[in-house]
1. Using R₀ = 22 Å, calculate the FRET efficiency as 1/(1 + (r/R₀)^6) where r is the Cβ-Cβ separation of residue 309 and residue 262; round to 0.05.
2. Expressed in nm to one decimal, what extension gain is obtained for the pair residue 145 and residue 78 from 0.36 nm per residue of sequence separation less their Cα-Cα distance?
3. Tell me the mean residue ellipticity at 222 nm calculated for the chain from its helices only (DSSP H runs of n ≥ 4, each -39500 (n - 2.57), averaged over every residue, nearest 500).
4. Within the set of other residues whose C-beta is less than 12 Å from the C-beta of residue 335, count the net charge using Lys and Arg as +1 and Asp and Glu as -1.
5. Hey, could you grab the Kirkwood Rh for segment 195-315? Inverse mean 1/r over distinct alpha carbon pairs, Å, one decimal.
6. Averaging sequence separations of C-alpha pairs under 8 Å and six or more residues apart, then dividing by the length of the chain, give the relative contact order as a whole percent.
7. Please work out how much length the chain gains when fully extended from residue 19 to residue 378, using 0.36 nm per residue of separation minus the C-alpha to C-alpha distance, in nm with one decimal.
8. From the C-alpha gyration tensor of the chain, pull out the three semi-axes of the equivalent ellipsoid (sqrt of 5λ each), sorted largest to smallest, in whole Å.
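Nothing in this text is a laboratory measurement; each read-out follows from the coordinates by a stated rule. None of these values were measured; they are calculated from a predicted model. Note that each Cβ is placed from the backbone with ideal geometry, even for glycine, and that neighbours are counted across all protein chains shown.
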Amino acid sequence: MQTLPKLTTVDTASSQPVFDTTIKRIKTRPVKVGNVTVGGGHPIVVQSMINEDTLDIDGSVAAIRRLHEINCEIVRVTVPSMAHAKALAEIKQKLIKTYQDVPIVADVHHNGMKIALEVAKHIEKVRINPGLYVFEKPNSSRTEYTQAEFDEIGEKIRETLEPLVISLRDQGKAMRIGVNHGSLAERMLFTYGDTPEGMVQSALEFIRICESLDFRNIVISMKASRVPVMVAAYRLMVQRMHENGMDYPLHLGVTEAGDGEYGRIKSTAGIATLLADGIGDTIRVSLTEPPEKEIPVCYSILQALGLRKTMVEYVACPSCGRTLFNLEEVLHKVREATKHLTGLDIAVMGCIVNGPGEMADADYGYVGKTPGYISLYRGREEIKKVPEDKGVEELINLIKADGRWVDP
Ligand code: SF4
């Protein structure tokens, strides 16, 4: 039977139980991707992918820079041909010359062994898909896969993967073994079915080859477009790694999540569910929108879970019949005035009946007091009552008086 994680410890001084609500991340090994470290207890890394063709050197450099400037820490590109792989050398040089070095990961697909070897020279990490790395066209008349046939392809994979592993190992670079539910190899489908187990076994086969060559700079992903499949695959991967004494960091993502509100909710449902269990070291939200739109979603997920704090945390009540001012309007005004103050928690509550009690541990509170008046709080302490039209100004003054204000 599964045991629930222990939520309380006892404070030795007061003998009172202490609730620990912080997420306990599962321990993984640190994997260096250029100047960024994934895993090993480092903050969860945010990544995204440019849409530019890497043959367009200037366009790609500009796109990588745009993403990096809004805090995308690793940028992915795709390299469908040898010419694209060679172009990465120039992209890297231009980035360093005109901006700064940015960790880049390149996606290599169907039978991409030669391409992978070329890109490994120029960038920090190569992503391979076990289902496509040695690609055998599915045979529609096949009814079984014998162990001998299974092993024969396994041997071919080993021979093909070895030079890449050695190259990455000797250069201190990284590899992502990126399994996709939608592109499992035919032999995995025959042996394990279209299941999370098939996804996990695909990754394990590649991991074992890497380990036999003493290469462990590996990050694993188990993406699927259906959230329950993705969640199950990552959980199973964690279990299998634990059973096999492996501790590779995990890259989380829901593929083909779509766009708009549902795309964001779907990505969050998958990524946050796992992060809350302590699973995951780097995340990518995949939206059918410009990649710049993915970064704020990543940071919101991490902030909401208390895993990274990159913006002000606003606590606001939903408003009800007791609300003494236009909550939506006031929250908007407070946010516009204070959103640059990273690290603060600010509450906007509609009334003093429940407001002060429910604004959690916010640093400052803006609470409806009587019609036309609001009260400002520092923590749980009421500081002063001010006319509503002076509320935002006085809140800023209070933060300034506490020395916690910085100009935008
Ligand atoms: S804090 Fe007051 S106004 Fe806001 S929802 Fe609760 S009772 Fe209603």
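1. Working: r = 27 Å, r/R0 = 1.22.
The formula returns an efficiency of 0.25 here.
2. Numbers: separation 67, 0.36 × 67 = 24.12 nm, distance 3.21 nm.
Result: 20.9 nm gained on full extension.
3. So the calculated ellipticity at 222 nm is -12500 deg cm²/dmol.
4. Details: positive: 333, 339; negative: 313, 328, 329, 336.
Around residue 335, the surrounding residues sum to -2.
5. Mean inverse Cα-Cα distance, inverted, gives 15.1 Å.
6. Numbers: 753 pairs, mean separation 50.5, N = 408.
Dividing the mean separation by the residue count of the chain yields 12 percent.
7. 126.9 nm
8. 47, 25, 19
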